[in-house]
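For reference, the structure is listed below as structure tokens.
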Amino acid sequence: MIDLKKVDAKIKMLEAIRQIAADPEMTALLDEVTTDRGAAPPKTLKMPLKPAKKRQTSKPQRGALKAAVLKAARQKQGPFSGYALAEDMLKDGKYKFSAPHPAIAVNDVLRTAAAKGNEIRLHKRGKGSDPNLYENVKPQAEAVAGKGSGD
């Protein structure tokens, strides 16, 4: 049988901890006064003193991510992964990602574009920790006339 009084007491304690953790001044104070048997608290456990930046409240235009990914992909020569493309886009800074994991968003766009096969195609399917590799599809208009046609 579950003792509901004990569960309620634990919930109240956790709520109190949550209130303390939400207050940057209280977490800073706790960091100053608490130690681990005389040692300084580990740096990985410190709470940020500044509140986290709020996410962008306005949504990007529909299709903006797809357009940005395809534009960046056109600049690539040879096979590339979605992770490498996302990294390049982040370095370039021309597109501001609203997704918490830009590489996943880029890979989703590439996967969809490769399924359609108009602009991007799957070069090599990834296995395990190796990602899928994609490549640009060259339109027929870019083909050089007379080369490889047997003329």
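Tabulated data
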read-out	value
Residue order, fewest to most surrounding Cβ atoms within 10 angstrom, among Tyr83, Tyr95, Tyr134	Tyr83, Tyr95, Tyr134
Difference of contour (0.36 nm per residue) and Cα-Cα distance, Met13 to Glu32	4.7 nm
Tensor-based shape of the range 64-142 (alpha-carbon gyration tensor, a/c under 1.5 rounded, otherwise prolate or oblate)	oblate
Contact order relative to length of the range 64-142, as percent, for alpha carbon pairs under 8 angstrom and 6 or more apart	35 percent
Approximate spin-label separation Lys94-Ser129, in nm, with each point projected 7 Å along Cα-to-Cβ	3.2 nm
Amide H contacts of Ile120 (H built 1.01 Å from N, under 5 Å, at least 5 apart or other chain)	Val137
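None of the figures in this text is laboratory data; all of them are computed from the coordinates on show. Since the structure is predicted, the reported quantities are computational estimates derived from the model, not experimental observations. Here the Cβ is made from the backbone with ideal geometry for all residues, glycine too, and neighbour counts use every protein chain on show.
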